[in-house]
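Have a look at the structure below before the remarks.
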Amino acid sequence: MGAMNSVVSVEDLRRLARRRLPRILFDYIDGGAGDDAGVHRNRAAFDAYRLRPRYLVDVSERSLATPLWQHRYVAPFGIAPIGLAGLFRPDGELLLAAAARDAGVPFILSGASIATIEDVARIAPDHTWYQLYPAREQRISLDLLRRARQAGLGVLVLTVDLPISARRERDVRNGFDFAIGMSPSLLLDGLMHPRWSLGYLARGGLPAFGNWRPYAPAGASPRQIAEFFVSQSFATQTWRDVELYRREWPGRLVIKGIQHADDARRAAELGVDGLIVSNHGGRQLDCLPAAIDALPEIRAAVERRVAVMVDGGIRRGSDVAIALSLGADFAFVGRAPTFGVAAAGAAGAGRALDILREELDLAMGQLGITSVAGFGPELVARPAGSPPS
Ligand SMILES: Cc1cc2nc3c(=O)[nH]c(=O)nc-3n(C[C@H](O)[C@H](O)[C@H](O)COP(=O)(O)O)c2cc1C
């Protein structure tokens with residue numbers, strides 16, 4: 001943990017990750033659709049808000065504990081699903097899951113993970129949620145659901161904001177794609193980032209999409225498994241699929257990527273338990289609204305019928321405070337713990353969560369509230385004349 005003492009902000013972890021990772025991977029994490037306009041908009045939207053403190057309140061005892069369904073999490077935020085995390089650091093997903101478990105917050109395992117559902121569930125059985133990327137062959141999607149259920153996971157997250165693939169200019173320039181395992185530019189880049197490369201060389205090479213191995217042709221190489229995954233990706237999804245998953249999944253069902261009040265209402269009518277208001281971290285379409293700007297409309301549309309969560313652009317505890325004040329029940333962070341795990345493994349991911357928790361606790365004390373139930377719209381303002389984000 002010693003090396004982590006010099007890390008005082010999420011931005012510090014970003015800088016360390018940039019140094020350690022091949023450029024092509026850092027750009028994949030850091031970048032977004034088009035020229036990153038949506039990534040910047042997510043940040044600008046938070047920067048446009050001000051928090052309004054109330055003083056002369058006893059804030060000597062504060063708690064970040066947050067009830068969500070039958071759980072009580074230590075803080076009101078968790079780790080968003082991040083594809084390929086096991087390519088940024090060997091066992092990346094297992095390290096993120098361990099960090100979330102130790103911090104008492106949820107970890108959403110990506111549908112494009114390297115680690116398997118079963119391995120992650122063994123590490124953090126009570127904190128892991130599973131995010132499904134449906135396959136073109138429905139039998140595969142249903143088998144993934146069966147595995148998640150059998151592993152004891154209680155929450156399924158259906159990401160809906162990838163009807164088709166995105167065009168991310170940094171990835172296009174770098175020649176990044178999912179079948180990257182054999183890409184000459186990654187190997188070349190790796191030579192200049194030996195600490196990253198050595199971690200994989202010690203294990204005999206780059207890893208594969210673990211969950212997809214059973215469905216790919218027998219004996220497929222990591223690259224062939226990646227190609228199989230890509231061939232199954234961007235399966236058409238409609239509301240009928242939401243109905244199907246609602247029938248098939250006995251646990252909590254969450255839809256991630258909702259931006260429109262009508263979609264939120266429809267999801268609530270179909271019995272969905274939660275929504276994550278998100279623009280995929282600015283990675284799908286460059287001109288979507290910032291997630292935090294879409295949040296109040298969605299909260300108003302579904303009222304208290306479903307849990308409303310948000311992600312996109314959260315780099316500080318005060319951002320979480322803004323999200324909760326605007327009506328979110330819970331928040332997620334994607335890049336913050338990902339930079340942490342890439343920079344320094346579980347300690348780095350844990351440091352990201354610690355920093356966010358400390359900053360949120362500070363914000364609460366300053367705002368004059370002692371529990372997350374104290375957040376509300378009276379604590380947040382957007383100064384008149386602030387530019388639209
Ligand atoms: C490198 C990377 C990979 C991601 N992979 C997935 C994924 O597999 N599934 C998914 O639903 N969202 C994915 N996302 C989106 C995140 O879950 C989340 O919505 C986003 O990162 C939140 O924004 P933030 O990074 O500013 O916190 C990914 C984001 C990043 C940065």
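Computed from the coordinates by the stated procedures, all read-outs in this text should not be read as laboratory data. The shown structure was predicted, so the numbers you read here are calculated from the model rather than taken from an experiment. Positions of Cβ are generated from backbone atoms using ideal geometry, with glycine treated the same way; all protein chains shown enter the neighbour counts.
Some observations on this one:
- Simple spin-label estimate for SER371 and ASP58 in nanometres, 7 Å along Cα-Cβ: 1.5 nm
- Against the rule of thumb 2.2 N^0.38 Å, how large the Cα Rg of the stretch 2-380 comes out: 0.94
- Charge dipole of the chain about the Cα centre (unit charges at C-beta), most positive-ward option of PRO22, ALA235, GLY78: PRO22
- Amide hydrogen proximity for GLY78: with H placed 1.01 Å from N in the peptide plane, the residues at 5 or more positions away or on another chain lying under 5 Å are ALA331, PHE332, VAL333.
- Each residue of the stretch 158-163 was assigned a 3J(HN,Hα) from its phi angle through the Karplus expression (A = 6.51, B = -1.76, C = 1.60, θ = phi - 60°), giving 9, 8, 10, 9, 10, x Hz with x at Gly and Pro.
- Extending 7 Å from the Cα toward the beta-carbon at both ARG304 and CYS287 defines two label points whose distance is 4.0 nm.
- Among PHE228, PHE330, a tally of other beta-carbon atoms within 10 Å of each Cβ gives an order, fewest to most, of PHE228, PHE330.
- Size descriptor for the stretch 1-82, Kirkwood hydrodynamic radius: 17.0 Å (Cα pairs only, one decimal).
- Kyte-Doolittle mean at least -1.0, axial Cα span of 27 Å or more - DSSP H helices of the chain: 335-367
- In terms of its alpha-carbon gyration tensor, the stretch 249-389 comes out rounded; the largest-to-smallest axis ratio a/c stays below the 1.5 threshold.
- DSSP-assigned coil residues among chymotrypsin sites (Phe, Trp or Tyr not before Pro) in the stretch 1-89, each with at most 11 further Cβ atoms within 10 Å: TYR55
- Alpha-carbon Debye profile of the stretch 263-326, log10 I(q)/I(0) at 0.15, 0.23, 0.24 Å⁻¹: -0.46, -0.98, -1.04
- The stretch 275-367: trypsin sites (Lys or Arg not before Pro) in DSSP coil with no more than 13 other Cβ atoms inside 10 Å: ARG304
- Centroid-to-centroid, using Cα positions, the stretch 249-264 and the stretch 1-25 are 33 Å apart.
- Per-pair calculated FRET efficiency, R0 = 45 Å: ARG240 and ALA220 via Cβ, rounded to 0.05: 0.90
- Sparsely packed loop sites in the stretch 289-389 (the GluC sites (Glu not before Pro) outside DSSP H, G, I, E and B with at most 14 other Cβ atoms within 10 Å) comprise GLU303.
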